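The structure appears below as structure tokens.
The values are calculated or read from the model by the stated rules, or taken from the named source; none is laboratory data. Every value quoted in this text rests on a predicted model; they were computed, and no experiment measured them. Neighbour counts run over all protein chains shown; Cβ positions are idealised from the backbone, glycine included.
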Amino acid sequence: MATKQNHSHHEHSGSDLVAAARDALVAAGEQWTGMRESVFEELACHERPASAYDIADNLSAARGKRVAPNSVYRILDLFVANNLAMRVESANAYLANTHPGCEHDCIFLVCDECGEATHVDDDTVSGGVRSVAKASRFQTRRPIIEVRGLCETCAG
Ligand SMILES: [Zn+2]
Ligand SMILES: [Zn+2]
Ligand SMILES: [Zn+2]
């Protein structure tokens with residue numbers, strides 16, 4: 001995975017990622033409930049962007065009782081607002097943020113064939129987009145930079 005930031009930046013995975021996400025949410029003054037943990041764990045085991053419906057379905061099966069997509073959606077929103085998850089707009093789905101303690105305008109390379117979304121951080125590129133918006137007197141909240149195409153496997 002390509003990263004290009006101007007600082008040392010740690011990407012988490014597995015139980016280390018869940019712990020980092022919990023710490024980031026608690027530090028933001030929010031509670032780490034059992035349901036939030038389940039949603040995060042479920043999200044983190046998806047390699048491809050997952051929708052609220054995918055997550056609700058899997059959680060319903062795992063828990064043996066129906067989990068409403070709406071409640072999953074609210075939790076995902078909270079995760080995005082607190083940098084624990086990232087929304088891949090062109091896929092209308094979510095990915096766990098592998099760097100919950102560190103904010104970047106993440107860039108996604110989304111494969112049209114298999115749906116894989118490779119995550120890259122390049123503050124030079126996203127900073128350029130922010131500057132362009134600023135020059136037009138536009139107040140940027142979040143640049144969305146997504147590249148559609150074919151991943152290495154599908155292109156091969
Ligand atoms: Zn970073
Ligand atoms: Zn990132
Ligand atoms: Zn692919």
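General observations
- Filtered by the rule that a residue be touching a helix residue (DSSP H, G or I) at 6+ places or on another chain (Cβ under 6 Å), of a type outside the set (A, V, I, L, M, F, W, C) and at pLDDT 95 or above, the stretch 1-37 gives a lone residue, ARG36.
- Residue within the stretch 60-81 that is surrounded by fewer than 20 Cβ atoms within 10 Å (Cβ to Cβ), outside any loop (DSSP other than H, G, I, E, B), touching a strand residue (DSSP E or B) at 6+ places or on another chain (Cβ under 8 Å) and of a type outside the set (Asp, Glu) present: yes
- Every residue from the stretch 101-133 that is more than 16 Å from PHE79 (Cβ to Cβ), away from ligand 3 (no atom under 16 Å from the Cβ) and not in a strand (DSSP E or B): ASP105, ASP123, THR124, VAL125, SER126, GLY127, GLY128, VAL129, ARG130, SER131, VAL132, ALA133
- When residues of the stretch 68-113 are limited to those that are among the hydroxyl-bearing types (Ser, Thr, Tyr) and closer than 25 Å to MET35 by Cβ, the one farthest from the chain's Cα centre (by Cα): SER71
- The set of residues in the stretch 34-56 that are under 14 Å from LEU76 (Cβ atoms) and either without any contact (Cβ under 8 Å) to a residue 12 or more places away in the chain or among the hydrophobic types (A, V, I, L, M, F, W, C) (or both) comprises MET35, VAL39, PHE40, LEU43, ALA44, ALA50, ALA52, ILE55, ALA56.
- Filter result for VAL147 (under 17 Å from PRO49 (Cβ atoms), loosely packed, with under 14 Cβ neighbours inside 10 Å, within 16 Å of ligand 3 (Cβ to nearest atom) and not polar (S, T, N, Q)): yes
- The stretch 87-146: number of residues that are within 29 Å of ALA19 (Cβ to Cβ) and free of Cβ contacts under 8 Å to residues at least 12 places away in the same chain: 2
- Among the residues making up the stretch 15-26, a single one is surrounded by fewer than 16 Cβ atoms within 10 Å (Cβ to Cβ) and in contact (Cβ under 8 Å) with a residue 12 or more places away in the chain: ASP23.
- Within the stretch 85-100, the set of residues being part of a strand (DSSP E or B) and either within 15 Å of ligand 1 (Cβ to nearest atom) or among the small types (Gly, Ala, Ser) (or both) comprises ALA85, MET86, ALA93, ALA96.
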